[in-house]
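**Student:** Structure incoming, see below.
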Amino acid sequence: MKFLICVALLIFIYWYFFKRKKKFLLNQSKESITEFVLDENCQTYIRKEEAIKVEINGKCYYFCSKKCLNDFLQKKLKLQP
Ligand SMILES: [Zn+2]
């Protein structure tokens, strides 16, 4: 009886890890599809879905935070005559 419980437990652990591994692999493949965009202000790459998207003069810009967006806008305004 004890042996049976041990086997059942082993099967359960194996099944549990196998399921987790599959889930992990699924997450990984999802990750590789994720698009990265450049933050024009701090020059870092961020995930598109996490980025703040702003359209200026028909061009799309992405920022990691509102602070970066504001900094960029201020820089742009200074550059313009
Ligand atoms: Zn930034």
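Readers should treat all values here as calculations from the given coordinates under stated rules, not as data from a laboratory. All figures in this text were calculated on a predicted structure; none of them were measured in a lab.
**Student:** Taking the chain as a Gaussian network, where each spring joins two C-alpha atoms under 10 Å apart, which residue of N41, N57, N70 fluctuates the most?
**Tutor:** Among N41, N57, N70, the largest GNM mean-square fluctuation belongs to N57.
**Student:** When the scattering of the chain is computed by the Debye formula from its Cα atoms alone, each counted once and equally, what is log10 I(q)/I(0) at q = 0.21 Å⁻¹?
**Tutor:** Once normalised to I(0) and log-transformed, intensities are -0.93.
**Student:** As a check on your grasp of the helix formula, calculate [θ] at 222 nm for the chain: sum -39500 (n - 2.57) over DSSP H runs of n ≥ 4, divide by the residue count, round to the nearest 500.
**Tutor:** Result for the chain: -20000 deg cm²/dmol, rounded to the nearest 500.
**Student:** Once the piece of chain linking S65 and I33 is laid out straight, how much longer is it, given 0.36 nm per residue of separation minus the C-alpha distance between them?
**Tutor:** 9.3 nm
**Student:** Which residue, I11, I52, I33, has the most motion in a Gaussian network model of the chain that connects Cα atoms within less than 10 Å?
**Tutor:** Among I11, I52, I33, the largest mean-square fluctuation in the Gaussian network model of the chain belongs to I11.
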